[in-house]
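Accompanying notes for the structure given below.
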Amino acid sequence: MKKFITLCLLIALATNVSAQETTTSTNPKSFGGEKYGKTLNLAAGIGYYGYIGRSTPVLHLDFEFDVAKNLTLAPFITYYSYQNYYYWGNPKYAYRDYSYRTTVIPVGVKGTYYFDQLLGAGPRWDFYLAGSIGVAIRKTTWENGYYGEYVARNSTTGLYLDGHIGAEYHLNKKLGLFLDLSSGISTFGLGIHL
């Protein structure tokens with residue numbers, strides 16, 4: 001994974017250097033800095049959670065708005081669901097694996113700092129570090145016939161924290177493709193600049 005990330009960053013930087021050579025004075029970044037806000041980000045990806053023991057598909061939506069130079073805040077909502085098993089029994093019920101489905105909806109705010117000026121990024125690229133904080137709303141449904149505790153073992157708390165590193169490639173002034181790698185959920189998505 002580290003080799004893949006390093007390769008992606010090297011390709012992005014190499015593409016960025018060639019893009020800088022062809023920029024003209026109509027570059028929007030040359031007029032007092034780029035604005036990153038007013039962006040709707042739609043994404044799908046994969047989340048890996050140790051307590052599940054495998055990856056699970058994830059959907060993500062956020063809306064960025066500018067708060068300071070190179071800094072945005074974005075209220076977000078994310079959705080993922082998984083099925084797992086819990087081994088349980090007692091003298092009245094046989095010991096066996098019982099299935100349960102957990103749906104998790106993290107809601108919160110993502111703070112993003114863009115390093116385009118520091119890295120000398122061309123007009124088509126954005127590079128950023130971010131952190132998310134919020135709450136994870138969860139619902140667990142057990143299969144019929146299970147009469148044990150209804151709290152899933154090895155679960156997480158309701159606090160949601162995530163660190164991100166990412167890049168966006170602007171297809172044009174209104175659309176961009178981004179890759180967001182994080183400590184829990186990594187997504188690939190479409191940025192719609194309003």
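The values are calculated or read from the model by the stated rules, or taken from the named source; none is laboratory data. Since this is a predicted model, take the numbers as computed values, not measurements. FYI the Cβ positions are ideal-geometry reconstructions off the backbone, even for glycines, and counts take in every protein chain you see. Keep in mind that these areas ignore ligands, DNA and RNA; they rest on the heavy atoms of the full protein, side chains included. Shrake-Rupley method; radii C 1.70, N 1.55, O 1.52, S 1.80 Å.
For segment 71-103, a residue qualifies if it is modelled with pLDDT under 90, hydrophobic (A, V, I, L, M, F, W, C) and under 28 Å from ILE137 (Cα atoms), and exactly one does: TRP88.
Residues that are under 20 Å from the mean Cα position of the chain (by Cα) and either open to solvent by 80 Å² or more (accessible area, probe 1.4 Å) or of a type in the set (A, V, I, L, M) (or both) within segment 112-142 comprise TYR113, LEU129, ALA130, ILE133, VAL135, ALA136, ILE137, listed in sequence order. With the condition kept exactly as written, say whether any residue in segment 150-160 is closer than 28 Å to PHE65 by Cβ, open to solvent by 30 Å² or more (accessible area, probe 1.4 Å) and either assigned to a strand (DSSP E or B) or modelled with pLDDT under 95 (or both). Yes. Residue under question is ALA136, and the condition is that it be within 27 Å of GLY191 (Cα to Cα) and part of a loop (DSSP other than H, G, I, E, B); does it hold? Spelling it out, it is not the case that ALA136 is within 27 Å of GLY191 (Cα to Cα) and part of a loop (DSSP other than H, G, I, E, B). Here is the figure for segment 93-111: residues that are open to solvent by 70 Å² or more (accessible area, probe 1.4 Å) and in contact with a Ser or Thr (Cβ under 7 Å, 6 or more places away or on another chain) total 1. Only one of the numbered conditions (1) in a strand (DSSP E or B); (2) touching a His at 6+ places or on another chain (Cβ under 8 Å); (3) open to solvent by 30 Å² or more (accessible area, probe 1.4 Å) is violated by LEU177, and that is (2).
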